[in-house]
Each structure stands twice: as structure tokens, then as C-alpha cells.
Amino acid sequence: MEVQRSVYREDHEMFRTTARRFIERECVPHTDAWAQAGKVDRELWRKAGREGLLCPMLPTEYGGGGGDFGHAAVLSEEMARAGVTGPTFGMHSDIIAPYIQRLGTEEQKQKWLPRCASGETILAIAMTEPGTGSDLKGVRTTAVREGDEYVINGSKTFISNGLMADLIVVVCKTDPKGSGSKAMSLILVEADRAGFRRGRKLNKVGQPAQDTAELFFDNVRVPVSNRLGGEGEGMYALMHELPQERFLIALGAATQLETCLQHTLDYVKDRRVFGQTVWDFQNTKFKLADIKAQAVAVRTMVDYYLGEHMRRRLTLEEAAIAKLFSTETLGRAIDEMVQLHGGYGYMLEYPIARAFVDMRVTRIYGGTSEVQRELIARKL
Ligand SMILES: Cc1cc2nc3c(=O)[nH]c(=O)nc-3n(C[C@H](O)[C@H](O)[C@H](O)COP(=O)(O)OP(=O)(O)OC[C@H]3O[C@@H](n4cnc5c(N)ncnc54)[C@H](O)[C@@H]3O)c2cc1C
């Protein structure tokens, strides 16, 4: 009853084997320690770089894997399959590095991309602010030009890799009086710039090994050559890259759904209540049959869009459909599967409980479900 997948080639499956082994060896045993520390080891990034797991889509001339989106997708699936949420390799490699690759000058690319691929430089992207998230036009962080420098002031919040990032793509208003999309630009800020400060590690409901933090910019001076792309083109750049970010979240959700279903099947077939297994109740069979049907629907849809994206045809609305449907379906299904575990479903040592808290955010970050609905509705 598995969905036959035709999107991947042999080289993708070889990459999957490398990724799976790396995750089992280098990530799974450290998950608890990282959760305690609130972040992963820095050395992990270098190890991932050495194994070719960072920036798999980046051309080899910049130190990348020279692959395509299929390689990025495979890694995201394997992370989801293992339930490992601490290392944000996908965000670094397939969400943020592409901004530099697509918009950067040759000098910026030569300077940063090889370090991103080796794991020496960890990336973050800072869009969200305390006062604005969904409505990106409400960004208040300013970058005011003074001679050949920008002076940046403002604060950002909920930034993934906030504590570990060496280089941050900051969404700034370069036209402080402007309110439209042309007021926004993307500026690279190195974490050792004077006036840049990281706030506390935010205390999240889930994904405890993921370092999410506030960032503060107090008269941070960067050369104008740190701007990514043209002045006023920041919003356009975000709109161009966000579909891929959303689609990666959808891909992870599809795999999580299948994995959680398998964990639940294993559990209910083993657990005995009233002299029979939990699986023996018709209620359990019906609930899990529903979830199986949903998992197949999500997988089929996501694989269709994966093929479209590999042909560079995935639209903003289609990425929104993929993210909305897969994450909402996952959320409802996890809740049902927690119930089938009874009290054990509430204990974090069980994968279903981990998924219950770790996956909730997939309906919020990368644009909330409501924002996805807005995007879809615009085309109806
Ligand atoms: C763990 C985590 C990691 C994150 N990582 C990053 C990161 O690395 N970089 C970054 O920049 N941001 C990051 N974010 C921020 C994330 O993208 C935002 O939280 C998200 O976009 C929502 O913005 P908000 O929190 O300000 O909510 P708000 O925009 O205040 O939304 C509040 C509610 O209003 C609803 N709403 C908003 N607009 C509409 C509308 N038009 N119609 C109907 N309802 C609407 C929302 O759906 C939501 O339910 C992260 C967030 C979390 C939780």
C-alpha cells in the first residue's frame, strides 16, 4: 500500500543512504544532550560539511554538492523520518544559501558560499520582528545609508540559528519613510559586527535542540557591499524564495505523517488493554485507516509538487497548498495518534509525544496556515 515514488533517481537514493547513516550516527545519539543545551554542537556542522550534506544543490564551483532539489528533499525527508529537529541543515542550505547564490555578487558568493558548504559559516534569516510576522511590510528595522555604509537599527525575534549563526540575512527597510514592498532590502550582517547582540534563547514548546533567539541591531555598520541584490528588491526576493521554504516544510510533514503512523501501529499492536491489543478495537483500526488514507493523499500530492518543483514549475500558490494541507493534516493526525497511545502519548520519550510538540510549529513558521489560505484564495 506504499505510494510508488518515481521522482528520485539512483544518485538521490545514494545520497539518502549517506544522510540516513549520518543522522543515525551523528544526530540521534546526541538528541537529548542537545535538547538540554538548547542547541547542537558546532562541530556537527563541520562533520555534515565534510560528508557533503550541506548545500547539496549548490554548484561545485562554490563547494556545494552540484545536485538538484531532489538531494535537498531527500535530506529533509531523512531528518523528518528520524524525528531530528535540532540541526537546521535544510534551512541553512536550501532556504538561506540560495539567497546568496541567486542575488549575491561574485565576490559575495566566493566569500561566503564555500564556507556555508563546509559548515564553517552557519546562516540565519531574520525577517520576523516583535511587532510584525505575517505582515512583512510592517518591518521596522532600518538600514540608513551613510556614505558607503548602512547603519542598521532594530530587533528581530524567533530567529532559527539565532545563537549560532555567523552570517545573518536581515530584512531591513532601506527607505524608512516608504511603506510599500519597494522599501525593503536584504542585508548581510556578520555576527561579529559592533552593535550586534543576541538575546536569550527562547523557551519553545517543542524542538528544544533548535536555537531560536532574539537579535538586536544597535547602530550596526556594514558596508553597502553587504547588500544582497538591489536596494528595494528585498520583498521581491522573499516572494521568490519563500515557496521553496514552504515546500520543504510540506515534504517534512509528509514524511512525519508516515513515520508517526508506523510508530503508532507498532505501539497499538503491542499494548494490551482489557485482554486484547489496542489494535483489536475497531475504533483503532478505523482511526488508523483514516490516517493511512490521509498519509497517502499527502504523499501523492507532495510528490506531484516535488516533480513540478524539480522542473521549476512550482508556483507560490501550489507551495501554499502543499504546506497548508500537509501540515494541517499532520497536526490533526498526530492528535489522534497521541490519543491511541493513552498516557504514554504524553510522555516525551515516545516519538508521538515528541512529534506532538515538535510539529505544531509547522502550521505557524514559514507563513501561518491563514497566510497560506490567503495566498491560495487570491487565485480562486
Ligand atoms: C520555532 C520558530 C522558528 C522561527 N524561525 C524564524 C526564522 O528563522 N526567521 C524568521 O524571520 N522568522 C522565524 N519565525 C517566525 C515565524 O515565521 C512567524 O512566527 C510567523 O510568520 C507568524 O508571525 P507572528 O508570529 O508575528 O504571528 P502574527 O502575524 O502576529 O499572527 C497572529 C495570528 O494572526 C493570523 N493572521 C495573520 N495574518 C492574517 C490574515 N491575513 N488573515 C487571517 N489571519 C491572519 C496568523 O495566522 C496568526 O494566527 C519562527 C517562528 C517560530 C515559532
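Comparison of D218, D166 shows that the only residue that is in contact with a Leu (Cβ under 9 Å, 6 or more places away or on another chain) and surrounded by fewer than 19 Cβ atoms within 10 Å (Cβ to Cβ) is D166. Looking at Y305, Y365, just one residue is more than 16 Å from the ligand (Cβ to nearest atom) and buried (at least 16 other Cβ atoms within 10 Å of the Cβ), and that residue is Y305.
Consider G206 against the criteria (1) under 20 Å from the mean Cα position of the chain (by Cα); (2) more than 16 Å from the ligand (Cβ to nearest atom); (3) in a loop (DSSP other than H, G, I, E, B): it satisfies all of them except one. Which criterion is unmet? Tallying (1) under 20 Å from the mean Cα position of the chain (by Cα); (2) more than 16 Å from the ligand (Cβ to nearest atom); (3) in a loop (DSSP other than H, G, I, E, B), G206 fails exactly one: (2).
For (1) charged (D, E, K, R); (2) in contact with a helix residue (DSSP H, G or I) (Cβ under 9 Å, 6 or more places away or on another chain); (3) within 13 Å of the ligand (Cβ to nearest atom), each residue gets a yes or a no:
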| site | (1), (2), (3) |
| --- | --- |
| Q110 | no, yes, no |
| L113 | no, yes, no |
| I122 | no, yes, yes |
| T132 | no, yes, yes |
| K137 | yes, yes, yes |
| E149 | yes, yes, no |
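The requirement of being surrounded by fewer than 22 Cβ atoms within 10 Å (Cβ to Cβ), within 18 Å of the chain's Cα centre (by Cα) and polar (S, T, N, Q) is fulfilled somewhere in region 123-139, by at least one residue.
Residues in region 332-360 that are of a type outside the set (D, E, K, R), within 16 Å of the ligand (Cβ to nearest atom) and buried (at least 20 other Cβ atoms within 10 Å of the Cβ): A355, F356, M359. Elements of the type strands (runs of 3 or more DSSP E) sitting completely within region 103-173 and holding at least 1 residues that are closer than 27 Å to R42 by Cα and out of contact with any Gly (no Cβ under 8 Å at 6 or more places or on another chain): these cover 123-126, 149-160, 167-173. State whether the residues of region 78-87 include one that is within 12 Å of the ligand (Cβ to nearest atom), at negative phi, outside the structural domain of V40 (by TED's automatic domain parsing) and among the polar types (S, T, N, Q). No: region 78-87 contains no residue that is within 12 Å of the ligand (Cβ to nearest atom), at negative phi, outside the structural domain of V40 (by TED's automatic domain parsing) and among the polar types (S, T, N, Q).
In region 308-327, which residues are surrounded by 15 or more Cβ atoms within 10 Å (Cβ to Cβ) and not aliphatic (A, V, I, L, M)? Result: E308, H309, E317, E318, K323, F325, S326, T327.
The values are calculated or read from the model by the stated rules, or taken from the named source; none is laboratory data. Computed from a predicted model, the values in this text were never measured in an experiment. Note: ideal-geometry Cβ built from the backbone for every residue, glycine included; neighbour counts use all protein chains shown.
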